[in-house]
Amino acid sequence: MKVPFLKLREHNLSFKKKYQIAFEEFLNSGEYILGKKIKEFEDEFKKNNAVKYSLGVSNCLDGLELLLRSIRINPGDEVIVPSNTYIATWLAVLNVGAIPIPVEPNIDTFNIDPLKIESAITEKTKAIIVVHLYGLPCEMDEINQIAKKYSLYVFEDCAQSYGSKYKGRMSGCLSDGSAFSFYPSKNLGALGDAGMIATNNENIYEITKKMRNYGSTKKYINDEIGKNSRLDELQAYMLSIRLNTIDNENHIRTKLAKRYIERLSSSNIPIKLPSIGRSDTLSSCHLFVILSKKRDDLEKFLLSKEITTMKHYPIPPHKQKALLNSPWSNLDLPISEVIHDTCLSLPISCMHLNDEIDYVCDSIIEFFN
């Protein structure tokens, strides 16, 4: 049996007729930049996510950067970030001239450990960026309490967590502001790069709204040093279609993740399974990541069985070539390094079938036995 990591082409082709109709509507509208469809999609998004303001942007990285700029981050300011994340979280901080201060994760959740945050705070700290990694929400009550104690902003990197819930509230409305990714492989994926800012803070909304469009809300009048970071009108059409099915798709992912856990936890093999949430937490199950000391050999074995896996992520941010000879390259971050050295992402999507998940499980059990 052949089990691809994703079935992106098949998934998008299932929307083919709706996409074609949407494209015709887009083409005939004559509105190609910041048209009515973006406003409609923003309204749909904020309604679905129970947040006051939403703002379409070009991608999640730009969204995080705009959020940081909206609170007037200055060169030399510090922003606490997870040590275990995709480098984009760090890049947002570096791109505004601030200093990322990495904090290690909880090995059981892969997310930033609230117990380690307070010791990383200094008089230069201005904000905390959390990442709901692989779709599992962070422990936001504890993090927000720390932020309140030290008068810090909290922003959420929701690149992987559309549809996740923390104590009944959607990820993205649990802080001062959040940024989402609609990269094609995300649960809510576009047909290209796309993103969204969400916030309940009117001031942050108004500033980021200007900054995404050259610092302007009125043509040729520029109030801020902005950039071109607008959500593409065509992508707004496509994403509006996807909003109608995303809850059911996330439900399928959750069922498949539970199937993995049930099969693999009962097999008594030496792997660490991910958490997909407590009774008050719901993960979007964007990725299903296991840890194994035999990760590379397991990866090769599964490939020989025509099962495609991935590593999210093989190199932690502080070990990337881009940060070679930087203050971060020699940091001692052992928990992150263990995760990056042993992580393996198994196939999961709303298009995968129970039989495929069972085949992956059987193959993993076969490898260890």
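Given just the C-alpha atoms of region 84-129, how large is their convex hull per residue in cubic angstrom?
Convex hull volume per residue, Cα atoms: 66 Å³.
Looking at region 177-231, what % of the alpha carbon pairs are farther apart than 13 Å?
63
Hey, what number do you get for the chain at 222 nm if only DSSP H runs of n ≥ 4 count, each worth -39500 (n - 2.57), divided across all residues, to the nearest 500?
-11500 deg cm²/dmol
For region 163-247, calculate the relative contact order in percent as a whole number, restricting contacts to Cα pairs under 8 Å that are 6 or more residues apart.
For region 163-247, the relative contact order is 23 percent.
Cα atoms only, region 110-262: Rg and Dmax in Å?
Here Rg and the maximum Cα pair distance are 17.4, 59 Å.
So, with +1 on the Cβ of K and R and -1 on the Cβ of D and E, and no other charges, what is the size of the charge dipole of the chain about its Cα centre, to the nearest 20 debye?
Rounded to the nearest 20 debye, it is 540 debye.
Determine Rg/Rh for the chain; Rg is computed over alpha-carbon atoms and Rh is the Kirkwood hydrodynamic estimate from the same atoms.
0.97
Rounded, prolate or oblate: which fits region 11-59, taking a ≥ b ≥ c as square roots of the Cα gyration tensor eigenvalues, rounded meaning a/c under 1.5, else prolate when a/b beats b/c?
The shape class here is oblate.
Scan the chain and hand back the longest stretch that contains none of the GluC sites (Glu not before Pro) lying in DSSP loops with at most 14 other Cβ atoms within 10 Å.
Longest gap between qualifying sites, sites excluded: 124-305.
Rg(Cα) of region 240-369 divided by 2.2 N^0.38 Å?
Relative to the rule-of-thumb radius for its length, region 240-369 sits at 1.19.
Do any chymotrypsin sites (Phe, Trp or Tyr not before Pro) in region 18-64 lie in a DSSP loop with no more than 13 other beta carbon atoms within 10 Å, and if so, which?
32
Using only the Cα atoms of region 1-160, what are the Rg and Dmax in Å?
Radius of gyration, then largest Cα-Cα span, for region 1-160: 19.1, 57 Å.
Of all beta bridges DSSP finds with both residues in the chain, what is the antiparallel percent, to the nearest 5?
So the antiparallel bridges in the chain amount to around 60 percent.
Set Lys and Arg Cβ to +1 and Asp and Glu Cβ to -1, take the dipole of the chain about its Cα centre, and tell me which of 226, 95, 330 lies farthest positive.
Farthest along the dipole direction, towards plus: 226.
Mind computing the radius of gyration and Dmax over the alpha-carbon atoms of region 221-262? Å is fine for both.
18.3, 58
So what's the convex hull volume per residue for the Cα atoms of region 179-320, in Å³?
It is 191 Å³ per residue.
Can you give the Kirkwood hydrodynamic radius for region 285-361, in Å, rounded to one decimal and based on Cα pairs?
14.0
Under a 10 Å cutoff between Cα atoms, tell me which one of 63, 177, 35 has the largest fluctuation in the Gaussian network model of the chain.
Of 63, 177, 35, the Gaussian network model singles out 35 as fluctuating most.
Which of the aspartates and glutamates could a cross-linker bridge to residue 218, judged by Cα under 16 Å and excluding same-chain residues fewer than eight apart?
Of all the aspartates and glutamates, those that pass the test against residue 218 - Cα under 16 Å, at least 8 places apart if same chain - are 206.
Throughout, read-outs are computed from the coordinates displayed, never taken from laboratory work. Note that the coordinates shown come from a computational prediction; the quantities given were computed from them, not determined experimentally. Counting neighbours? That spans all protein chains shown, and the Cβs are built from the backbone with ideal geometry, glycine included.
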